[in-house]
1. Taking interchain pairs and intrachain pairs at least six residues apart, which have beta carbon atoms under 9 angstrom, with the first residue in segment 19-43 and among the charged types (D, E, K, R) and the second in a loop (DSSP other than H, G, I, E, B)?
2. If GLU42 satisfies all but one of (1) at pLDDT 95 or above; (2) of a type in the set (Asp, Glu); (3) in a loop (DSSP other than H, G, I, E, B), what's the number of the condition it fails?
3. How many residues does segment 1-16 contain that are exposed (fewer than 11 other Cβ atoms within 10 Å of the Cβ) and more than 21 Å from ASP56 (Cβ to Cβ)?
4. Of all residues in segment 17-30, which are assigned to a loop (DSSP other than H, G, I, E, B) and surrounded by 10 or more Cβ atoms within 10 Å (Cβ to Cβ)?
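The values are calculated or read from the model by the stated rules, or taken from the named source; none is laboratory data. Given the structure is predicted, the values throughout are model-derived calculations rather than measurements. Reconstructed Cβ throughout: ideal geometry from the backbone, glycine too, with neighbour counts over all protein chains shown.
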Amino acid sequence: MAHDTRNGLTTIVARAQLIGRRLRGGAPIERERIVRDAAEIERVAKRTAARIDEIDEGVRAPRGSGPLGDGRDHGGGGP
């Protein structure tokens with residue numbers, strides 16, 4: 001799960017850097033491209049936030065909720 005979260009953050013940083021370079025460069029600004037990049041940043045940020053929430057919920061699970069009663073998921077796959 002950490003790998004997925006890092007991938008999301010990498011995408012966000014890369015897109016933000018591209019927007020910054022385009023705005024700082026002397027070439028004409030392609031509004032549609034910036035709008036697309038901003039939308040992608042928003043989409044990935046929301047997905048990454050949802051993953052972080054999943055991690056947070058897992059950390060906050062009550063002790064003893066695992067199949068062996070020790071608070072860990074041992075992959076039993078039960079209902």
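1. Correct list of pairs: ARG22/ILE29; ARG22/GLU30.
2. Among (1) at pLDDT 95 or above; (2) of a type in the set (Asp, Glu); (3) in a loop (DSSP other than H, G, I, E, B), GLU42 violates only (3).
3. Residues in segment 1-16 being exposed (fewer than 11 other Cβ atoms within 10 Å of the Cβ) and more than 21 Å from ASP56 (Cβ to Cβ): 0 in total.
4. Within segment 17-30, ILE29, GLU30 meet the criteria.
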